1. Which of the numbered conditions does residue 142 fail, given that it passes all the others? Conditions: (1) in contact with a helix residue (DSSP H, G or I) (Cβ under 8 Å, 6 or more places away or on another chain); (2) in a helix (DSSP H, G or I); (3) without any contact (Cβ under 8 Å) to a residue 12 or more places away in the chain.
2. Has region 147-166 got any residue that is in contact with a helix residue (DSSP H, G or I) (Cβ under 7 Å, 6 or more places away or on another chain), closer than 17 Å to residue 66 by Cβ and surrounded by 17 or more Cβ atoms within 10 Å (Cβ to Cβ)?
3. Can you tell me which residue in region 51-67 is nearest to the chain's Cα centre (by Cα), limited to those that are surrounded by fewer than 16 Cβ atoms within 10 Å (Cβ to Cβ) and in a helix (DSSP H, G or I)?
4. Give the residues of region 81-124 that are outside any helix (DSSP H, G or I), closer than 21 Å to residue 183 by Cβ and touching a residue at least 12 places away in the same chain (Cβ under 8 Å), sorted by residue number.
5. Taking the criterion of being at pLDDT 85 or above, over 17 Å from the mean Cα position of the chain (by Cα) and farther than 19 Å from residue 109 by Cβ, would at least one residue in region 21-30 satisfy it?
6. Look at residue 134 and say whether it is within 24 Å of residue 43 (Cα to Cα), within 16 Å of the chain's Cα centre (by Cα) and either surrounded by fewer than 20 Cβ atoms within 10 Å (Cβ to Cβ) or modelled with pLDDT under 95 (or both).
7. Which ones in region 1-20 are surrounded by 13 or more Cβ atoms within 10 Å (Cβ to Cβ), at pLDDT below 80 and assigned to a helix (DSSP H, G or I)?
8. Find all pairs meeting these conditions: Cβ atoms under 6 angstrom apart; at least six residues apart or on different chains; first residue within region 149-160 and touching a residue at least 60 places away in the same chain (Cβ under 8 Å); second residue surrounded by fewer than 16 Cβ atoms within 10 Å (Cβ to Cβ) and part of a helix (DSSP H, G or I).
């Protein structure tokens, strides 16, 4: 008989410690993104030139990426549902689709950034672009982290192991999506 990890057998504050740990990570990330976005909003309110710079962002790619991330979140939910039903193979397939959505997001982001940089909109071109690349880049790093963790969890789930982790990576992925829901209007639509 193999020993189960302590995070799956103990609970704190009325929830498994693994879930509590993910919520603590999310809370700390909210502080980071909240500070960055709060600074961006305050700076933007005081500088009308931000609107001129924001007009150069590609709203269509931003909207496409919003659709991709929301669709990937649906797959994460379906993966969680499959894991709850004890179907690790289906949970893994759903997580692989979620990770594929993250890869599509990053590919579109790379194309978008390449185009912007070729047009001279670099991180040092204007304060707007400094905020833009910092916020979107930090978000992209979270997407990369989510994909890596998701692939590890999916590999375990495929073997019907550690199915509770499907929910945990799903929580993190939903957080990444919610951050994008704030970034998209602030960086692309509010022109």
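The values are calculated or read from the model by the stated rules, or taken from the named source; none is laboratory data. Computed from a predicted structure; not experimentally measured. In this analysis, Cβ positions are derived from the backbone assuming ideal geometry, glycine residues included, and neighbour counts consider all displayed protein chains.
1. Against the list (1) in contact with a helix residue (DSSP H, G or I) (Cβ under 8 Å, 6 or more places away or on another chain); (2) in a helix (DSSP H, G or I); (3) without any contact (Cβ under 8 Å) to a residue 12 or more places away in the chain, residue 142 comes up short only on (3).
2. no
3. Among those that are surrounded by fewer than 16 Cβ atoms within 10 Å (Cβ to Cβ) and in a helix (DSSP H, G or I), it is 67.
4. Keep residues of region 81-124 that are outside any helix (DSSP H, G or I), which gives 85-87, 119-124.
Now narrow it down to the ones that are closer than 21 Å to residue 183 by Cβ: 119, 121-124.
Result: 119, 121.
5. At the first step, the residues of region 21-30 found to be at pLDDT 85 or above are 21-30.
Of the ones still in play, those that are also over 17 Å from the mean Cα position of the chain (by Cα) are 21.
So of that shortlist, the ones also farther than 19 Å from residue 109 by Cβ come out as 21.
Looking through region 21-30, at least one residue is at pLDDT 85 or above, over 17 Å from the mean Cα position of the chain (by Cα) and farther than 19 Å from residue 109 by Cβ.
6. Judged against the criteria, residue 134 is a match.
7. 7, 8
8. Correct list of pairs: 158/89.
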